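Worksheet for the structure shown next.
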Protein chains: 2
Amino acid sequence: MYFKNIFSFLSWLKTYEKSWFKGDLSAGLTVGIMLIPQGIAYAMIAGLPPIYGLYTAMIPQVVYTLFGTSRQLAVGPVAMDSLIVASGVGAIAMVGSENFIALAIVLALLMGLMQVLFGIFRLGFLVNFLSKPVISGFTSAAALIIGLNQLKHLLGVDIHRNNQLQYLLIDAYKHLGKINWPTFFIGIGAIFIIVIFKRYFKKFPASLIVTIISILLVYFFRLDHYGVKIVGTIPQGLPLFSLPHLDKKTITNLAPIALTLALIAFMEAISVAKAIEAKHNNYKVNANKELIALGLGNIVGSLFHAYPSTGGFSRTAVNDQSGAKTPLAAVISAVVVGLTLLFLTPYFYYLPKAVLAAIIMVAVFGLLDFKVPAQLWQYTKRDLLILNITLLITATIGIKEGIILGVLLSLGMLIYKSTKPHVAILGKVPNTYLYRNIDRFKDLEVFKNILIIRFDAQLHFANTTFFKDTLYSEATKKGSDLKVVILDGESLNNLDSSGVYAIQEVLKYFKGKDINFYFTGLKGPVRDTITKSGIISEIGKQHCFMSIQEAVDYYQHNNINTYKKKFTHQNNN
Amino acid sequence: MYFKNIFSFLSWLKTYEKSWFKGDLSAGLTVGIMLIPQGIAYAMIAGLPPIYGLYTAMIPQVVYTLFGTSRQLAVGPVAMDSLIVASGVGAIAMVGSENFIALAIVLALLMGLMQVLFGIFRLGFLVNFLSKPVISGFTSAAALIIGLNQLKHLLGVDIHRNNQLQYLLIDAYKHLGKINWPTFFIGIGAIFIIVIFKRYFKKFPASLIVTIISILLVYFFRLDHYGVKIVGTIPQGLPLFSLPHLDKKTITNLAPIALTLALIAFMEAISVAKAIEAKHNNYKVNANKELIALGLGNIVGSLFHAYPSTGGFSRTAVNDQSGAKTPLAAVISAVVVGLTLLFLTPYFYYLPKAVLAAIIMVAVFGLLDFKVPAQLWQYTKRDLLILNITLLITATIGIKEGIILGVLLSLGMLIYKSTKPHVAILGKVPNTYLYRNIDRFKDLEVFKNILIIRFDAQLHFANTTFFKDTLYSEATKKGSDLKVVILDGESLNNLDSSGVYAIQEVLKYFKGKDINFYFTGLKGPVRDTITKSGIISEIGKQHCFMSIQEAVDYYQHNNINTYKKKFTHQNNN
């Protein structure tokens, strides 16, 4: 029981069905083959030698299979995190230097430790604060930055790596005259082939095909003599254990980047894991366990020269579509990468960097999100604005800045909206017991002595002034006929202490004007507060009703006849 | 029309009734007399010579009468702001030095400018973010700090001015052996007299009485020769116009203090103004105009040697209780202060500082708030926690820190609560059309094929995961009998884009399980979003009902008989 709780793999291993193996094998091979060029390409994004991409493609996913709760998540190097590694570590050490490599590996260790801690302290819920518009804007911006950073390899020119869109574009424009045409044609050709294959021959691993074709082309025509940059030597053999070097200064320098990565990487993994879980529904993804599993993957990975990894969008989708039923598929992928490391690395010597750029550009172009903005345009300009601001800031100022501003804007909007909530004056739908907004429904019955008002928000410190002002001004509009105010509590979801004081003021105000005040349809938690705070005794228990109709009946009977106690009063159990 | 809009005094001057004058005169004289010792005492809190307190008691309130929208607000020096002046300016210049005085006056100018700008840009709503617990905790803490800072004068010892409770207490403890007993007895005697008068002879101006008695005592017994510290020379004459000296460095240094003061001073004034407005109800306080009026009071005041002022709690209450009907009362108070400045200042020479300390200590003891914490204890431990944290941080770390943390905690709590809102599973109240929480009401009718669920919050990015998880787990509990899920929309106050995507996922999930999904009682704004986002076409317009009962009837009839279109469907107008 306890073991199964920690080692998630026990739960699927014990019930493993023979019929699953075909899917796992097919998915494992497909993803494994996909990982070779992707691993090399993502290492290039991160500013690392290709071999580190392959190490990262191998180790973390094996660790993940032991502890992870998703059965299809494909863990390994991903484009966005590679970009963050490049920009973060690049600010401390020269990209590609020995020190840079060492720091990228230490970064994986730190990030992994943070993820494990976050998981233990159950902070997985933090990812809930990333709203759809923020994720969409952020992803599109990151895709733009990653894609444009590849222009350098695609054009064969010397554009500086940068995380700010505007400088990338300016720099690219300046270098337009110096394009290396063989490089450019190889790159464009690769893009063309991948796109065609993706559209018409989905079954074939397009990136592997362009990899093989381009290696052969360069080898036979010696295109490297014509300025086509190639990958060069990739060492052979499996990664060896070695302890990353940690000192206080390194930790201080890397901590903010590690934190950003820990959260962003988790956000990527959990969103794709949840999406795939919804499709399968025979297991449950646990956010905190995912954090621990991904974190352990990074920690163990860093002991074997891996740089930061997480669950990626595209490979997970391919893994699932290829039939993966359990993490056994991931073990098979890791074996494929391991075999490549042992026997095949020399064959990648002539692989042109332009082809890697092509693979990356096609992949990230798929991440550019046009669908969500188009949908938001239909029904919420506010969320669209948040999306666009997040996109703009992420693309032109920085990844961290974009995501932080996006989250703050989302929270700000949430609070702002609740400070001026929707308020409805209700009238009776004729011949029913239903009361609806008089501004939205026609032919409602409105009583001249009764103001029925609905406040569509919890009542809290930041909207009590609005609540009072609205109530008073609506009461004033009714004029001197007004005898009773009915506050419909069905949408009043909560009441904090400022709300309690506001209601007490309101009661006093109406009492001073000899106007009765009734509550209807209060929810349980609000009833509790109303009772414990003593408001109930100020208003009188008999003035709290289950429904608006009862309150109206009570007032009308009470005024016309003598009062007969025949109404269901709301109780407080 | 336009003039009246700016010069608020036109609105009461034109309709001035003769009967009002008696009240205005009596209140004006009372507050004016009260202002003399208070002005001197608050100047002492601020670390300024007494005369500046009198200048501040005179000028700003005259300016306020022209533009202010409250008719009873008494503007002048107040304890809390004086404390902030002392601590803020004290960090830049030596308390009591020429430079210190000049900076305190410039501070009023800067703060006034900020208030006017805030008013023009309609930022008065910002004060809504101060919740009751934060205001209560903050006020109590400030009262403690102000009161304890007076121990120095009350004991006649040399305790350093400090804004941190712990150091004040330690310092006071260290000096216990050096108490100047004549000073101490005068102070304690004054406190005793004021308290007695406040309780039994409310009509008499207690602080004026102790002021006069103590002056006579010191004068006749020459107590100043026995170590009793006295106020000393106060210059005679009205304040003269002079431009405060402004340079860039001063502005940079003072800007943060000015900002704190601008907001805190406004908060004090607007809360007391609103409270008094609620009593009278023949005029309306406008937050943004108040900002402008208070700001102009500070600006003009600073040109006549006044330091930061605002509307104070206690004097406003006295003003109102003494019968003030219009700001004419404030003009009369200003005249009293003016006459004092012209003719009476020499008589305050022998006023002992211990008596001023006594006046301050009794006043701020009244600000210590025990009522609100006692009430919160009854019904909301969360808000009580926020109150106590605000109090503790304000008292031990700093005023700004306390208030900022309090606001952030309140906002955090607001968001936190809405991420895990109350959810109710509903059952039918027998023989009614009402549906209530099955956990709170007994003997409700529950249908085995129907899950009726109510989510008591707006659906937004930070609670969509909780929403989905809850819905799925409740559906699972129902088992295979479940045929239809009814989401009661009456408490679903809003729907952002993340909420829309969540609902789409939910619809897909239940469709995959062949379970129907109905909406009931959706509010207008949510209906708009449901329509524009296209959810309506996924769910089918016929599956949106006005009430739960209709949805239940629809399902039951639809399954038992053939469906007859006899139900009122919710329309979208």
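The values are calculated or read from the model by the stated rules, or taken from the named source; none is laboratory data. In this text the structure is predicted, and so the values were computed from the model without any measurement. Backbone-built Cβ (ideal geometry, glycine too); neighbour counts: all protein chains shown. The protein model used for the area step is the full one, side chains on, heavy atoms only, and it has no ligands, DNA or RNA in it. Shrake-Rupley method; radii C 1.70, N 1.55, O 1.52, S 1.80 Å.
Tabulated values for the structure
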item	result
Highest average packing first - B:445-456, A:23-34, Cβ atoms within 10 Å	A:23-34, B:445-456
Per residue solvent-accessible surface (Å²) - the protein assembly as shown, probe of 1.4 Å	43 Å²
Local electrostatic count, A:ILE159, Cβ distance below 15 Å [Lys/Arg +1, Asp/Glu -1]	+4
Mean separation of Cα contacts under 8 Å (6+ apart) over length of segment A:400-466, as relative contact order %	34 percent
Calculated SAXS-style log₁₀ I(q)/I(0) at q = 0.12, 0.13 Å⁻¹ - segment A:99-202, Debye, Cα scatterers	-0.72, -0.81
Label distances, nm, B:ILE120 versus same residue in remaining copies, Cβ-directed 7 Å point	5.6
Whole-number D in µm²/s for segment A:373-449 (Stokes-Einstein; Kirkwood sum over Cα pairs; 10 °C, 1.306 mPa s)	102 µm²/s
Pairwise burial B:A, computed as accessible area of each alone minus the pair, summed, 1.4 Å, Å²	5900 Å²
Under the Karplus curve 6.51 cos²θ - 1.76 cosθ + 1.60, θ = phi - 60°, whole-Hz ³J(HN,Hα) for segment B:104-117, x wherever Gly or Pro sits	4, 6, 4, 4, 4, 4, 4, 4, x, 4, 4, 4, 4, 4
For the protein assembly as shown, calculated [θ]222 nm from helices alone, where every DSSP H run of n ≥ 4 adds -39500 (n - 2.57)	-19500 deg cm²/dmol
Percent accessible area from carbon and sulfur atoms, segment B:1-120, protein chains only, probe 1.4 Å	71 percent
Copy-to-copy label separations for A:TRP181, where each label sits 7 Å from Cα toward Cβ, in nm and ascending	10.8
Ranked by how many other beta carbons lie within 10 Å on average, peptides B:89-102, B:520-533 from highest	B:520-533, B:89-102
Net charge, B:GLU505 excluded, C-beta distance under 14 Å - Lys, Arg +1, Asp, Glu -1	+4
Solvent-accessible area lost in complex, 50 Å² minimum, residues of segment A:388-425 relative to chain alone, 1.4 Å	A:LEU414, A:ILE415, A:LYS417
P(r) tail fraction, the protein assembly as shown - alpha-carbon pairs more than 43 Å apart, %	54 percent
With all protein chains modelled, accessible area of A:MET361 [1.4 Å, Å²]	40 Å²
Contact order normalised by residue count of segment B:288-444, Cα under 8 Å, 6+ apart, percent	8 percent
The protein assembly as shown - charge dipole about Cα centre, Lys and Arg +1 at Cβ, Asp and Glu -1, debye rounded to 20	1740 debye
In sequence order, calculated HN-Hα J values of segment A:350-360 (Karplus, 6.51, -1.76, 1.60; Hz; x Gly/Pro)	8, 4, x, 5, 4, 6, 4, 4, 4, 4, 5
Shortest-first distances to equivalent copies, position B:ASN5, nm, label 7 Å out along Cβ	6.8
Cβ-based charge dipole, the protein assembly as shown, positive-most Cα from A:TYR173, B:ILE105, B:PHE466	B:PHE466
Alpha-carbon Debye profile of segment B:1-127, log10 I(q)/I(0) at 0.09, 0.16, 0.18 Å⁻¹	-0.33, -0.93, -1.08
Cα gyration tensor shape for segment A:63-129, rounded if a/c is under 1.5, else prolate or oblate	prolate
Charged-residue dipole, Cβ positions (Lys, Arg, Asp, Glu), chain A about Cα centre, Debye nearest 20	880 debye
Residues in segment A:264-301 that, when all protein chains are in place, have 20 Å² or more less accessible area than the chain alone would give (probe 1.4 Å)	A:LYS274, A:ASN281
Cα pair distances exceeding 44 angstrom across chain B, given as percent	36 percent
Relative contact order, percent, segment B:56-150 [alpha-carbon distance under 8 Å, six or more residues apart]	23 percent
Label-point gap, in nm, between A:ILE515 and B:THR252 - each point 7 angstrom along Cα→Cβ	5.5 nm
Built amide H within the under 5 Å cut-off of A:ILE230, gap 5+	A:LYS353
Vicinal HN-Hα couplings computed from phi for segment A:197-212 (Karplus, 6.51 cos²θ - 1.76 cosθ + 1.60; Hz; Gly/Pro x)	4, 4, 7, 10, 10, 4, 6, 7, x, 4, 5, 5, 5, 5, 4, 5
Of A:VAL355, B:ALA141, A:VAL429, farthest towards positive along the dipole that unit charges on Lys, Arg, Asp, Glu beta carbons give the protein assembly as shown	A:VAL429
Sequence-distant residues sharing a close amide H with A:THR310 (under 5 Å, placed H)	A:GLY76, A:VAL78
Loop chymotrypsin sites (Phe, Trp or Tyr not before Pro), segment A:222-288, which have at most 14 other Cβ atoms in a 10 Å radius of their Cβ (DSSP)	A:PHE241
Local net charge near A:ILE179, Cβ-Cβ under 15 Å (Lys/Arg +1, Asp/Glu -1)	+3
Surface share of carbon and sulfur [accessible, 1.4 angstrom probe, percent] for segment B:411-557	49 percent
Chain A, rotation onto B, residue closest to that axis via Cβ, with its distance in Å	A:GLU490, 2
